[in-house]
1. Calculate the all-directions average of the projected area of the range A:1-120's alpha-carbon convex hull, and give it in nm².
2. Summing +1 for each Lys or Arg and -1 for each Asp or Glu, what net charge is found among the other residues whose Cβ lies under 10 Å from the Cβ of residue A:249?
3. Please work out the Cα center distance from the range A:121-148 to the range A:179-226, rounded to the nearest Å.
4. Pop out the Kirkwood hydrodynamic radius of the range A:5-49 from its pairwise C-alpha distances, inverse of mean 1/r, in Å to one decimal.
5. What is the Rg over Rh value, at two decimals, for the range B:14-75, using alpha-carbon atoms and the Kirkwood definition of Rh?
6. Suppose each label sits 7 Å from its Cα in the direction of the beta carbon; what would the residue A:272-residue A:153 distance come out to in nanometres?
7. Considering the range A:56-166, what Rg and Dmax in Å follow from its alpha-carbon atoms?
8. Sort the range A:102-200 into rounded, prolate or oblate with this rule: let a ≥ b ≥ c be the square roots of the eigenvalues of the Cα gyration tensor; rounded if a/c is under 1.5, and if a/c is not under 1.5, prolate when a/b is larger than b/c, oblate otherwise.
Amino acid sequence: MARPHIEPFCDRDEGFKSLQLPGFASGMRYKMLSLDVDSGACSMTVQLDAGYQRSPGFAWSELEMIVIEGELQVGERTCRKGHYFFVPAGYALPAMSSAQGCLVLMMYNTGEPSHVESTQHHPQAQVDLYHSVDSYMDLPWAMGNVTKPSVAAGCLIKLLNYNPISHAMTFLYCMTPGYYQDNISYHDCAEESYHLWGTSWMMQFGEVPTGGYFWRPAYINHGSFASEYGCIALGRTDSKLFNHFHYNPWSTPVENADRSAARLYKRDPLLYKWAFSKDHNHPHGPEDFEDTMLRRGEESGHDNEHKSDGRRHDHWHGHLHHEPGSPHTHADGTTHSHD
Amino acid sequence: MSFKNLFIKHDLSPEVRAWLDKEIAEQEERFAKLEKTMEDLAPTREQWYQEFFDRITTIGFNVDGDDKMKISPADLPVKPAGRVDRVVWKHGVDSE
């Protein structure tokens, strides 16, 4: 059942708990924001106490982090508030420490929190996906109209991570003082937000203050929207964000989902007919031939079985194939050749 | 929930399993508390809905960005008979 609807929640109302899982050093305390009951994936506000030190290592899950307050030392780099990390599963981060302590938002996307001590990346780690940025200092604000129809002017974003397959996004967003938007919205995707600073208001849930949080499954009404003094937050979606605006506060998630399907029917009638009227509505969705077609890589005996999601699929992220006998180096540092 | 479909299979230790079970139980309690708080907010929300209707019929409904359209009072929705005002849906479309 994945994560339940958690909204509105404010972590300031909760106390920290000590995280005592294998591999994590002492001095790490957390507040659970939301948890996927099937996979253990979760989002947590984490307090690293002054003097905290953690060995180099990786997580079995993909991880995103943003520093909320204080300074976090990651290897040689000193990261201050607003510093964002996207860390693929199996990617070995250098040692982490905090001399004076810091507050960090940690989001384990695909599994429970874990830390395996290692200075080497796991062989299955998609190391090229790692990136980090000081999102406060090194990225400009952009208009929030990343999708049409759009949010009102005064809602700005900084894109931090984007999945080219699912169109899932992680982004900072802000509302300028005096912001308001008079419509009710829902999406075809789940949405998550953590208020780093400031207060916003939604007609269904009231005020979301600093430390305010929500995890909202798809098709749930939210809005209208306002922020009297402005706010800045971290937002995420798990697939493509589309704003279905309307003004019926009593519609249910099923009615909203039906409306989305009706809009698909109106916009892409041939696609709708193909997907829904020809027994293509298989539980796993219509087949995307690019995911399943036989590829030349298999014929050469090369292992194209990337196990990132537990299923066999192909080289969507791309890498070079090599001539027989030519040595090449993999991301984990091993060098070999194929005869 | 997967943002990059990136996961490396591994075994869960009994210690981690116990931690997850405890967190899941606590999340159930948090959810029940949130749901109750939102149910209690219903009378206030009813007023907010009316204010929203007032604004979109006089100032306008945000159609796209700052483009607004005034909604005719005749086009405002009617609350379905017997429907309870509900804003928290534990599992979205699977809640009903």
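Please treat every number below as a calculation from the coordinates, not as lab data. Quick caveat: nothing in here was measured; it's all calculated off a predicted structure. Every residue, glycine among them, receives a Cβ derived from its backbone with ideal geometry; neighbour counts consider all protein chains shown.
1. 7.1 nm²
2. The answer is 0.
3. Between the Cα centres of the range A:121-148 and the range A:179-226 lies a distance of 23 Å.
4. 11.6 Å
5. Taking Rg over the Kirkwood Rh, I get 1.36.
6. 3.4 nm
7. 15.6, 46
8. prolate
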